[in-house]
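Following: one structure in structure tokens, then a few remarks.
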Amino acid sequence: MIPKFIKLETLFITALILLGTGIVYVAVQYGFGSPREPGPGFFPTFIGLLVIIFGMILLIPRRQDKEEPKLFDNRDGAWRFWLAAGSLVLWLLLLNSLGFLIITFVVTLADAKIFKLEGWVKPVLLAAGTTLMIFLLFDVWFYTDLPRGLLD
Amino acid sequence: MSGLEHLINGFAVALTPINLIACLFGCFLGTIVGVLPGLGPTATMSLFLPLTLKYGPVTGLIMMAGVWYGAQYGGSTTSILVNIPGEAASVVTCLDGYQMAKKGRAGAALALVAVGSWIAGTAGNLGLQLFAPPLAKAALAFGPPEYLALMFLAFVVLSSLTSGSVVKGLLMVSVGLWIGIIGQDPVAGIPRFTMGNSRLLAGIDFLPVAMGLFGIAEILQAAGQSYKPATVTRVRLRDLYPNKEEVKRSVKPCLRGSLIGFLVGLLPGPAPTISTFVSYSLEKRFSKSPGEFGQGAVEGVVGPESANNAAVTGSMIPLLALGIPFAPPAAVMLASLLMHNVQPGPLLIQQAPQIFWGVIASMYIGNVMLLLLNLPLVGLFARIATLRMALLMPVVIIVCLVGVYSVRNSIFDIWIMVGTGIVGYMAIKWGFPVAPLVIGLVLGPMTENSFRQSFMMFRGQVHFFLGRPIAMALVIVTIGYIFYLYYSRDQVKKAVG
């Protein structure tokens, strides 16, 4: 749980500064070389330093009383965001085991409900139509080898 | 071979059945994308990047260019009829376009915008055809220091134009540059930042990152918004005739918009959007009745809409002549060329004239296609604008997922897309522009090469830069621009305070 006085945006910038620090740390190990003969770590070191510097500039003058832009408009929006993101992850995790046709139908149906398509007839038709259309387009026309999974 | 002969050869390339279909498909798709709020041309072009693998670089580029300039046409339709800008470049059109519609002049506004866009697109094309070859010839004299200085300037201008905070933009450029150099070091051959993952040896592909930032992030934004049904103003074909007064008042704004758009297109950043604001304020200044602006002034519709079309063709010059994309859609086009091992840059026009002249010729054809498509189908496009997100987004999600998968059959690429999509959503919400990150990613390897080679050329002595007049001039312009930004920020603060 993140304490309320810590702003998420500040955490985001801090994460970027840490990323910059990591880039510099790793880059130096690749070999900085010299300005006459720059090594593999030469350019990344500069990039890492830039990330740190720009991050610090953004972090230091931050007025704590300034209201942070909200990530989600309301609770409902937040739910739909995470459900939509979850549906993407679900598709990724189950693509190989269930196969393209099954998981695509399930995820499209779920997304239609997440985006509030009323009833069940329209969402089912949309899911079936989308699955078939994408399968024909990519697997049949573009020769993309889409995983068959359970239907193999 | 003269320019005219090259252009005739270009038409021979563009008029082949497959390229004509690609042009028509791109223009039609672009118009739909322009009409629909949320999904922009960058995401759509990325989505259809795999298609270019099947049909080759010329066909792919013709289709992508069609999507880009088609989106500028489409955006105006919904701005005028529904008061919904499908594209950022059509926001200004809502101000007077919708007011014209309320006065019963929607048809006239649409017709004038379509003709104005066609004139601007064709004039911009002519500019592209005339200026890109000499610029490419001049760029042959560019060495690593000049390229480095040019990219430095591009990064600063891009960062200042895409976000309220230059520092946020530069931070995103830096992150993009880092992502761009992940993989094997081009000189020493050692893996860098791969964390032992062999899939990262070839680097992070452009497509999943672009799709994540411009596709998935937009979908997630739509997920968090509530649906409001829009009402559409109906337009019949016979309503499309403007009166004499409207035509007369549109001529100069169209020509001025074409020139402004073309010049703004040469700058890094979201040129079509910026050009509309510049054109609108200029038209208001030139107008004999500025009070009419915001109440349905035809100049406020035709000027900006002409400008955004010309800006797209202007934006092609840095890409085709220098090999440097100044805008995210141009970066997608660069990625498409690189996928086919075609190196854009000064030598492209000489070594692959069929690509350069084929694309130019297709743009002449595409602009005519758009004119013919947009007027009779205006009712259809307006209806598409009212299409519910609940029907559209589930389809777009699956197209994104399978589109990225189809390029390398890689689940890993989709993880990258989903990850960048979630991070991109947060970045956008907190005011971090994502366009500089994408440009940084695409230009990462080129920037590193120029950076290292410049140091090696000068044997570590930075003051040798003084002996390179072009590079020096570019650095001075960049520093001057940074001072200007700092000074103008102070002026704004004083004015507000």
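The values are calculated or read from the model by the stated rules, or taken from the named source; none is laboratory data. The structure displayed is predicted, hence computed values, not measured ones. Don't worry about glycine lacking a Cβ; one is built from the backbone with ideal geometry, like all the others, and counts go over all protein chains shown. Just so you know, the surface numbers come from the protein's heavy atoms only, side chains and all, with ligands and any DNA or RNA stripped out. Shrake-Rupley method; radii C 1.70, N 1.55, O 1.52, S 1.80 Å.
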Does region B:298-334 hold any residues that are farther than 18 Å from B:LEU259 by Cα and out of contact with any Leu (no Cβ under 9 Å at 6 or more places or on another chain), and which are they?
B:PRO329
For a quick check of your reading of the model, give me the residue pairs whose first member lies in region A:116-140 and is of a type outside the set (Val, Ile, Thr), whose second is outside any helix (DSSP H, G or I) and open to solvent by less than 40 Å² (accessible area, probe 1.4 Å), with beta-carbon atoms closer than 6 Å and at least 6 apart or on different chains.
A:PRO123/A:LEU117; A:PHE138/A:THR144; A:ASP139/A:LEU146
Exactly one of (1) open to solvent by less than 10 Å² (accessible area, probe 1.4 Å); (2) away from every other protein chain (no Cβ under 14 Å) is unmet by B:LEU373. Its number?
(1)
For B:THR31, only one of the following conditions fails: (1) open to solvent by 20 Å² or more (accessible area, probe 1.4 Å); (2) farther than 24 Å from B:PHE206 by Cα. What is its number?
(1)
Consider B:ALA123 against the criteria (1) of a type outside the set (Asp, Glu); (2) within 14 Å of chain A (Cβ to nearest Cβ); (3) open to solvent by 10 Å² or more (accessible area, probe 1.4 Å); (4) touching a residue at least 24 places away in the same chain (Cβ under 8 Å): it satisfies all of them except one. Which criterion is unmet?
(2)
Which condition breaks for B:ALA390 when tested against (1) open to solvent by less than 10 Å² (accessible area, probe 1.4 Å); (2) modelled with pLDDT of 85 or more?
(2)
Residue among B:VAL115, B:VAL173, B:VAL156, B:VAL167 that is part of a helix (DSSP H, G or I), away from every other protein chain (no Cβ under 14 Å) and on the phi < 0 side of the Ramachandran plot:
B:VAL115
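Restricting to region B:257-268, name every residue that is buried (at least 24 other Cβ atoms within 10 Å of the Cβ) and farther than 20 Å from B:THR42 by Cα. If you could, list the steps in order and put the result at the bottom.
Residues of region B:257-268 that are buried (at least 24 other Cβ atoms within 10 Å of the Cβ), as a first pass: B:257-258, B:260-262, B:264-265, B:268.
Passing the criteria: B:GLY257, B:SER258, B:ILE260.
Would you point out the residue of region B:443-497, among those that are outside any helix (DSSP H, G or I) and open to solvent by less than 50 Å² (accessible area, probe 1.4 Å), that is modelled with the highest pLDDT?
Let us first name the residues in region B:443-497 that are outside any helix (DSSP H, G or I), namely B:458-461, B:468, B:497.
Pick out the ones that are also open to solvent by less than 50 Å² (accessible area, probe 1.4 Å) and you get B:458, B:460.
Details: B:PHE458: 82, B:GLY460: 76.
The qualifying residue modelled with the highest pLDDT is B:PHE458.
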Taking into account only those residues within region B:393-438 that are at the interface with chain A (Cβ under 9 Å from one of its Cβ atoms), touching a residue at least 12 places away in the same chain (Cβ under 8 Å) and not in a helix (DSSP H, G or I), which is surrounded by the fewest Cβ atoms within 10 Å (Cβ to Cβ)?
B:GLY431
Answer yes or no: is there a residue in region B:75-83 that is more than 24 Å from B:PRO344 (Cβ to Cβ) and within 16 Å of the chain's Cα centre (by Cα).
yes
Say we look at region A:25-43 and pick out the residues that are more than 7 Å from chain B (Cβ to nearest Cβ) and open to solvent by 30 Å² or more (accessible area, probe 1.4 Å); which of these is modelled with the highest pLDDT?
A:TYR25
Considering residues of region B:269-285 that are open to solvent by less than 10 Å² (accessible area, probe 1.4 Å) and either among the hydroxyl-bearing types (Ser, Thr, Tyr) or not in a helix (DSSP H, G or I) (or both) only, the residue modelled with the lowest pLDDT
B:GLY269
Given the conditions (1) crowded, with 19+ Cβ neighbours inside 10 Å; (2) more than 14 Å from every other protein chain (Cβ to nearest Cβ); (3) in contact (Cβ under 8 Å) with a residue 40 or more places away in the chain; (4) among the small types (Gly, Ala, Ser), report the number of the one that B:ALA88 does not fulfil.
(1)
